[in-house]
Amino acid sequence: MTREEFLEELQGMLQCESALSADTVLADMEEWDSLAFMVLIAFFDKSFGLRVTFDMLKKCRTPEDLISLTNGGVA
Amino acid sequence: MQDQDTGICSFDADSVVLVTGASSGIGAAIALKLNALGAAVIANGTNVPRLEAVRERARHPDRFHLAPRDLLADIDQLASWVKELCARHGKLSGLAIAAGKTETIPFAAYERARALALFDLLFHVPLEIAKAAVDRRNCLPGRMKIVFIAAAASIAPNKGQIVYGAAKAALACAARCMSKELAPRGICVNCISPGLVRTAMFDETVALLGEDFLNQEAARYPLGIGDPEDIAGLAAFLLSPAARWMTGQNLLVDGGRLG
């Protein structure tokens, strides 16, 4: 998956109107909540075969941090 | 907002409600009621002439938009269909799912393939549409209300309602879960479970099971068998701002039969 594809997927999962960039501050978005975490956990599992946790997601400040969690799954 | 003088509930001018199954029966009654109370309605059904006939009875036909589609035709495309409807008619303030059909299949005749087809229509289609409807890009913030028409069979199935009742019960359970997930966004999700109501589906059931069935059933309804309007009023209330503190319910409306 490319970075652009990841950001598009993320926008879809968070259902935001405007495009996201890698340095968007997630905590500033009302969509960034525990339900979004559940959606992302399923997404990481399905797309990368990775098990991420609430704690790991809470520590992510930006989409860039989420990309880092994919362990090279996003190129 | 609420006008104390217009009765129990009314709708702001920017209200847009998608109603499935609006070409007949309970869906048509809900669509007409909402339209009369001031909401714009997107009326879905499979039969265009029948949808047009319903629109002819609308108080505000200019705010009664037709959206014909066979909901089973391409389930994976329902999300983009909802998105297109919102782009054309405005973001949604409500969703009423009334499309459905009944199948009388006793347990001895249960078949997985047939059951899956019924679950598609009664469970997966409503969920696909609702999921798209609550997408932040498709609905008005803090306004969205969802009503699923379940069935009394979700609580007290008759013989032959193994799959129908189970699919409706699954829908009611999903709605309850949705209500919890969506409450932080001010979205309310409720089910109405009607008993026997005089619709085309009712006629079909009576044709299949005979007049004896009808007479036996009618005897169990202290207030008689229902009419679509008996359901439409409650649906309109649940879709209106007046119902903002009510969510996660499955309301049995069955003329006193009580299961």
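Each value in this text was obtained by applying a stated rule to the coordinates, not by laboratory testing. These numbers were taken from a predicted model, which means no experiment stands behind them. With ideal geometry, Cβ positions are generated from the backbone for all residues, glycine too; neighbour counts draw on all protein chains shown.
Would you list the helices (runs of 4 or more DSSP H) that sit entirely within region A:1-69 and hold 3 or more residues that are without any contact (Cβ under 8 Å) to a residue 24 or more places away in the chain, within 14 Å of another protein chain (Cβ to nearest Cβ) and among the aliphatic types (A, V, I, L, M)?
A:34-48
Given the criterion surrounded by 19 or more Cβ atoms within 10 Å (Cβ to Cβ), touching a residue at least 24 places away in the same chain (Cβ under 8 Å) and within 14 Å of chain A (Cβ to nearest Cβ), identify the matching residue among B:ALA150, B:ALA133.
B:ALA133
Go through the residues of region B:184-193 one by one and say whether even a single one is in contact with a Ser or Thr (Cβ under 9 Å, 6 or more places away or on another chain), in a loop (DSSP other than H, G, I, E, B), of a type in the set (Val, Ile, Thr) and surrounded by 16 or more Cβ atoms within 10 Å (Cβ to Cβ).
Yes, there is a match, as at least one residue in region B:184-193 is in contact with a Ser or Thr (Cβ under 9 Å, 6 or more places away or on another chain), in a loop (DSSP other than H, G, I, E, B), of a type in the set (Val, Ile, Thr) and surrounded by 16 or more Cβ atoms within 10 Å (Cβ to Cβ).
Would you check if B:LYS83 is in contact (Cβ under 8 Å) with a residue 40 or more places away in the chain, within 14 Å of chain A (Cβ to nearest Cβ) and of a type in the set (D, E, K, R)?
yes
Among the residues of region B:64-72, is there at least one that is more than 14 Å from every other protein chain (Cβ to nearest Cβ), closer than 20 Å to B:SER24 by Cβ and in contact with a His (Cβ under 9 Å, 6 or more places away or on another chain)?
yes
What residue, among those in region B:226-246 that are in contact with a Lys or Arg (Cβ under 6 Å, 6 or more places away or on another chain) and hydrophobic (A, V, I, L, M, F, W, C), is surrounded by the fewest Cβ atoms within 10 Å (Cβ to Cβ)?
In this case the residue turns out to be B:ALA232.
Please go through (1) exposed (fewer than 15 other Cβ atoms within 10 Å of the Cβ); (2) within 23 Å of B:PRO157 (Cβ to Cβ) for B:LYS180 and return the number of the only condition it doesn't satisfy.
Condition (2) is where B:LYS180 drops out.
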